[in-house]
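In what follows, a structure is listed as structure tokens, so that the remarks can point back to it.
The values are calculated or read from the model by the stated rules, or taken from the named source; none is laboratory data. Note that the coordinates shown come from a computational prediction; the quantities given were computed from them, not determined experimentally. FYI the Cβ positions are ideal-geometry reconstructions off the backbone, even for glycines, and counts take in every protein chain you see.
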Amino acid sequence: MSTGLRYKSKLATPEDKQDIDKQYVGFATLPSQVHRKSVKKGFDFTLMVAGESGLGKSTLVHSLFLTDLYKERKLLSAEERISQTVEILKHTVDIEEKGVKLKLTIVDTPGFGDAVNNSECWKPITDYVDQQFEQYFRDESGLNRKNIQDNRVHCCLYFISPFGHGLRPVDVGFMKALHEKVNIVPLIAKADCLVPGEIRKLKERIREEIDKFGIHVYQFPECDSDEDEDFKQQDRELKESAPFAVIGSNTVVEAKGQRVRGRLYPWGIVEVENQAHCDFVKLRNMLIRTHMHDLKDVTCDVHYENYRAHCIQQMTSKLTQDSRMESPIPILPLPTPDAETEKLIRMKDEELRRMQEMLQKMKQQMQDQ
Amino acid sequence: MAATDLERFSNAEPEPRSLSLGGHVGFDSLPDQLVSKSVTQGFSFNILCVGETGIGKSTLMNTLFNTTFETEEASHHEECVRLWPQTYDLQESNVQLKLTIVDAVGFGDQINKDESYRPIVDYIDAQFENYLQEELKIRRSLFDYHDTRIHVCLYFITPTGHSLKSLDLVTMKKLDSKVNIIPIIAKADTISKSELHKFKIKIMGELVSNGVQIYQFPTDDEAVAEINAVMNAHLPFAVVGSTEEVKVGNKLVRARQYPWGVVQVENENHCDFVKLREMLIRVNMEDLREQTHSRHYELYRRCKLEEMGFQDSDGDSQPFSLQETYEAKRKEFLSELQRKEEEMRQMFVHKVKETELELKEKERELHEKFEHLKRVHQEEKRKVEEKRRELEEETNAFNRRKAAVEALQSQALPATSQQPLRKDKDKKNRSDIGVQQSGMSLSNSKVMMTKASVEPLNCSSWWPAIQCCSCLVRDATWREGFL
């Protein structure tokens, strides 16, 4: 007890340096080591944007990352869009800030929801996400794992139209198809057409409908109880303002003597970075400044693992049927049968037991006679 | 006679001469008479609103007519598009207006919108059809008729800023020959001025290149030609609707209050609402009604009557009377009906006969089966009777033998008499089983069994004391013996 106290007080007073060097282990520098290594390695992030055309997706991406990704973009006319199919376009940029490199990939989905008949228009998107998972799965199970490219989609920003009363059938269909594969962050696009009261009503409506349809959107992780009040307050505000009502802008306008990113109207100027005007700042903070790594973690730990388990089960069930099939990965035979066969076995066991009981009863009856 | 009279009249009509009046006659009050008559009659106006759910159709109607029409918020999850007409009676000064607002509920919400336009087209056609029916009646009252034909269709375009949506294009193409379309850009407070200009040009360009004929404000009447021409250039109107009032300056105006400013509905700088109101209500309402009647309705009528087989004039230029053609068509139709009735009746009779035959067949089969079963049953019964008799005989024989054996036993040693008893028992057992297997009256076999158990085997001590009859039968071992 007394030695412990002495040890602590020694650390507090850095006078006897030699003594401290003997007792100080030094793993407190781990965070800075990780920091150094990660800066050297660089980060990568894949963001998908989805929603009907004309909702301001490209403008928002521009405002978020302050780079113009869509230099040459061909917008189709209405006639061409009558029977348009969904494409997947990838734009990759390398951006750097204070020595930290980020390889940013934006996956765009032009044509989503644009045709007259939009049945299953989310299929190309789910196929793409599955494809990335499959590729990572193969790479991970391969022999040489030094340079695995992580192309998995870490986050999907889904743009909900502000002109309606809530979620539309195509929104519900898309989110239900993708909520188990990607972190979905729903956004209310073009929020400058809604007065504050309408925004609140719409957010409530959307939250209700998300619960009603059983859609699992990305949940912000709970902050630890030992964080300071400020942080907790911020976290609470963040959770309460989901889904974020955002406005994007490509132009810089002059407002109150300052140059701000905004939209100029005859009746006023909408400032994109003004918290009272829209939730753009919250979105940016969440996406880039605080939760980027968490999004990546959830993708790796939850969505990818689900995919992997599902894939392996399918492969082993196929293998038991057709033993000549070659598998790309080394598979150990599963010690436990999967849930369905277990259920069947249990049912059959019960039936057998019942029949045995009946037989015994009959024997007894005959004996009584 | 009638034909020559007509000819005389038609040939004798020369060019009318124009004369000048010597004084004031007074027929310049004709327009006023017309006006006072129509005012007393009242006007009717029907608007069709087509646009996505939540785009602001009801709010705009409330703003246009400065009143609150009772509507509920529509849901996004309607199965298909349906039309919802509501009629209201409005009065301003001494002019009465019967306003019908038809809402296309659920438009643009479904995932598959291929058939979205159809309910709308069907509704418009139905209104034309009703009017046509009224016109063709023998006793008709057109002046009293509540005209439900759609006079104008306000098509609400979503303010994406890029161009028209594919659904908009498809729907407008289907509607442009049936109704006057006025496209409007809804929720225009989401587009800035420069974007709006580009958007309008893009929309008009797309409409023109796809051959969609929207309503053009008429420029042939000098009184309104100028203003209409100017307004034509501003199409489509970018409108903002609001029923809430906000204090601007020292007045209360209808506006939307944002954190960054106030959008005033009636400010020409902010949106085109005032233009829309002018054009739609104050200037061109009557023209819209006329166009509906003279252009769209006449087109519908012509197509419909041509379908029915009417023509304007025959090959030898003798005009068909509507009446005669109608009569001919009616006769044809009736005879067609009769023929079909006959056909159906015959088919019915034929089917009835067939079913009767089938039923008879089945009945016969059933009878046969019944007979067969009866015979089988009787056979079995007979066999059973025979077996019973045999069994009885055997029992009697057994009894006699038993008596004999007992007699012997009482004289001789007990050891030699086991086998025959058991053998008989076995036989009896087999006959029992035989009876049971024939599946007939179980009671017989039971009688046998009870008989067997009742019969006391007055054997001596070597017969083990066994309680149940079956065990008796089962456990008994038989050996060959004398019979």
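Would you please name the residue that is farthest from the other protein chains (Cβ to nearest Cβ), looking only at residues in the range A:136-183 that are touching a strand residue (DSSP E or B) at 6+ places or on another chain (Cβ under 8 Å) and among the β-branched types (Val, Ile, Thr)?
So the residue we want is A:Val153.
Please find, within the range B:98-117, the residue that is nearest to A:Glu52 (Cα to Cα) out of those that are in a loop (DSSP other than H, G, I, E, B) and more than 7 Å from every other protein chain (Cβ to nearest Cβ).
Kept after step one, since they are in a loop (DSSP other than H, G, I, E, B), are these residues of the range B:98-117: B:106-111, B:113-116.
Then drop every residue that is not more than 7 Å from every other protein chain (Cβ to nearest Cβ), which leaves B:106-108, B:115-116.
Working: B:Gly106: 18, B:Phe107: 16, B:Gly108: 13, B:Glu115: 20, B:Ser116: 18 Å.
Here the answer is B:Gly108.
B:Tyr297 - would you say it is within 12 Å of chain A (Cβ to nearest Cβ) and of a type outside the set (Asp, Glu)?
no
Taking the stated definitions as given, is A:Ile125 modelled with pLDDT of 90 or more and under 20 Å from the mean Cα position of the chain (by Cα)?
Against the criterion (modelled with pLDDT of 90 or more and under 20 Å from the mean Cα position of the chain (by Cα)), A:Ile125 qualifies.
Kindly establish whether B:Leu299 is among the hydrophobic types (A, V, I, L, M, F, W, C) and modelled with pLDDT of 85 or more. Explain how you work it out, then say what you get.
On the way: among the hydrophobic types (A, V, I, L, M, F, W, C): yes; modelled with pLDDT of 85 or more: yes.
For B:Leu299, the condition - among the hydrophobic types (A, V, I, L, M, F, W, C) and modelled with pLDDT of 85 or more - is met.
Filter the range B:241-290 down to residues that are among the β-branched types (Val, Ile, Thr), in contact with a Ser or Thr (Cβ under 7 Å, 6 or more places away or on another chain) and buried (at least 16 other Cβ atoms within 10 Å of the Cβ), then give me how many there are.
So the answer is 1.
Out of all the residues in the range B:172-218, which are β-branched (Val, Ile, Thr), more than 11 Å from every other protein chain (Cβ to nearest Cβ) and over 37 Å from the mean Cα position of the chain (by Cα)?
Just the residues of the range B:172-218 that are β-branched (Val, Ile, Thr), to begin with: B:179, B:181-182, B:184-185, B:190-191, B:201, B:203, B:208, B:212, B:214.
If we keep only those that are more than 11 Å from every other protein chain (Cβ to nearest Cβ) as well, we get B:179, B:181-182, B:184-185, B:201, B:208, B:214.
Matches in the range B:172-218: B:Ile201 only.
Quick one: B:Thr71 ticks every box in (1) loosely packed, with under 12 Cβ neighbours inside 10 Å; (2) assigned to a loop (DSSP other than H, G, I, E, B) except a single one, so which number is it?
So the condition that B:Thr71 fails would be (1).
Assess whether B:Ser44 counts as being surrounded by 10 or more Cβ atoms within 10 Å (Cβ to Cβ), in contact with a His (Cβ under 8 Å, 6 or more places away or on another chain) and at pLDDT 85 or above.
yes
Among the residues of the range B:134-161, which ones are assigned to a loop (DSSP other than H, G, I, E, B) and surrounded by 18 or more Cβ atoms within 10 Å (Cβ to Cβ)?
Matches in the range B:134-161: B:Asp147, B:Thr148, B:Arg149, B:Ile150, B:His151, B:Thr158, B:Pro159, B:Thr160, B:Gly161.
Would you please name the residue that is nearest to B:Ile124 (Cα to Cα), looking only at residues in the range B:74-96 that are surrounded by 11 or more Cβ atoms within 10 Å (Cβ to Cβ) and over 24 Å from the mean Cα position of the chain (by Cα)?
B:Thr87
Condition check ((1) without any contact (Cβ under 8 Å) to a residue 60 or more places away in the chain; (2) of a type in the set (S, T, N, Q)) across all residues:
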residue: B:Val179; (1), (2): no, no
residue: B:Ser192; (1), (2): yes, yes
residue: B:Phe237; (1), (2): yes, no
residue: B:Pro259; (1), (2): yes, no
residue: B:Val262; (1), (2): yes, no
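Given the conditions (1) surrounded by fewer than 17 Cβ atoms within 10 Å (Cβ to Cβ); (2) in a helix (DSSP H, G or I); (3) modelled with pLDDT under 85; (4) under 22 Å from the mean Cα position of the chain (by Cα), and given that A:Asp224 satisfies all but one, which numbered condition is not satisfied?
Only one criterion in (1) surrounded by fewer than 17 Cβ atoms within 10 Å (Cβ to Cβ); (2) in a helix (DSSP H, G or I); (3) modelled with pLDDT under 85; (4) under 22 Å from the mean Cα position of the chain (by Cα) is unmet by A:Asp224, namely (2).
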